[in-house]
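Quick notes on the structure that follows.
Read the figures in this text as sums done on the coordinates, not as results from a lab. Not measured: the values here are computed from a predicted model. Positions of Cβ are generated from backbone atoms using ideal geometry, with glycine treated the same way; all protein chains shown enter the neighbour counts.
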Amino acid sequence: MTHTHTDTHADTDAAVTRATHAAVTRAAIDVTTAGLPAWLDPVAQAARSVRPQQLSRFLPPESGAGRQSAVLILFGDGPRGPELLLMERSGTLRSHPGQPSFPGGSLDPEDGDQATTGPLRAALREAEEETGLDPRGVQLFGVLPRLYIPVSSFVVTPVLGWWRAPSPVGVVDPAETARVFTVPVADLTDPANRATAVHPSGHSGPAFLVESALVWGFTAGVIDRILHYAGWERPWDRARQVPLDWRA
């Protein structure tokens, strides 16, 4: 479902959005596994035990440098079972244009302490801004170790969520987001949809060919590790390569 706004209601919509963000900031926010569906238990367990080095070789600089950010890794129940919410970034963005990703972005001052609840609020706020989802329907159940994206200097906190009460989602701002879509976990674990993406720079990593999209880079790397440590991974052909171009 795509959300559009008319110029007539722009000021009203902006005011409502600001009020919603303020309410989210004031509201208590926590991370709990209470009431999770049983199929998410392996993901919650992995979040409690996984170490940063098990997720990526790119870790935040010890100097503390980097742009603090967060992403929402949102699992829900779909027509074909468990699914994951993704979006495709606008092709006009300076950072990672046209690339499928988790909803997310930089922490704002109003998100609060970057060492505690700031990333939680930022993940929900950015997801609402980018996809239109209602954060009140999301239960946060885990936080993965912070990772690093060298090309953009982002220090990223992956926040795990359960879409307890799904709400309509779609493109809110075409300048930011090209499309919003869900991917069945069954498609992500299907060996036929898996490959190794190879960049001209020499970097290679896991990739997924799902929903008419090539998911690669940071997003694919995190999905790959979640599937592995949750015990959902199926053997796949790592020699199957998908070349990327310099614009990627």
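Roughly how tilted is helix 10-26, in degrees to the nearest 10 and between 0 and 90, from the longest Cα axis of the chain?
70 degrees
Could you state, as a whole-number percent, how many of the C-alpha pairs of the chain are farther apart than 26 Å? Working shown, then result.
On the way: 11352 of 30628 pairs.
That tail contains 37 percent of the Cα-Cα pairs.
Between residue 234 and residue 151, what FRET efficiency comes out of the Förster formula 1/(1 + (r/R0)^6) with R0 = 22 Å and r the beta carbon distance, rounded to 0.05?
0.15
Can you give the Kirkwood hydrodynamic radius for region 105-153, in Å, rounded to one decimal and based on Cα pairs?
Every distinct Cα pair counted, the radius reaches 11.9 Å.
Between residue 67 and residue 32, what length in nm is gained on full extension when 0.36 nm per residue of separation is reduced by their alpha carbon distance?
Using 0.36 nm per residue and subtracting the Cα-Cα distance, I get 9.9 nm.
If R₀ is 41 angstrom, what is the calculated FRET efficiency for the pair residue 59 and residue 165, using the beta carbon separation as r and rounding to 0.05?
Rounded to the nearest 0.05, the efficiency is 0.75.
Normalising by the residue count of the chain, find the relative contact order in percent from Cα pairs under 8 Å and 6+ residues apart. Please report the intermediate quantities before stating the final value.
Details: 476 pairs, mean separation 56.6, N = 248.
In percent, rounded to a whole number, it is 23.
Ranked highest first by the average count of other Cβ atoms within 10 Å around their residues, in what order do 161-170, 50-59 fall?
Put in order of decreasing packing, that is 161-170, 50-59.
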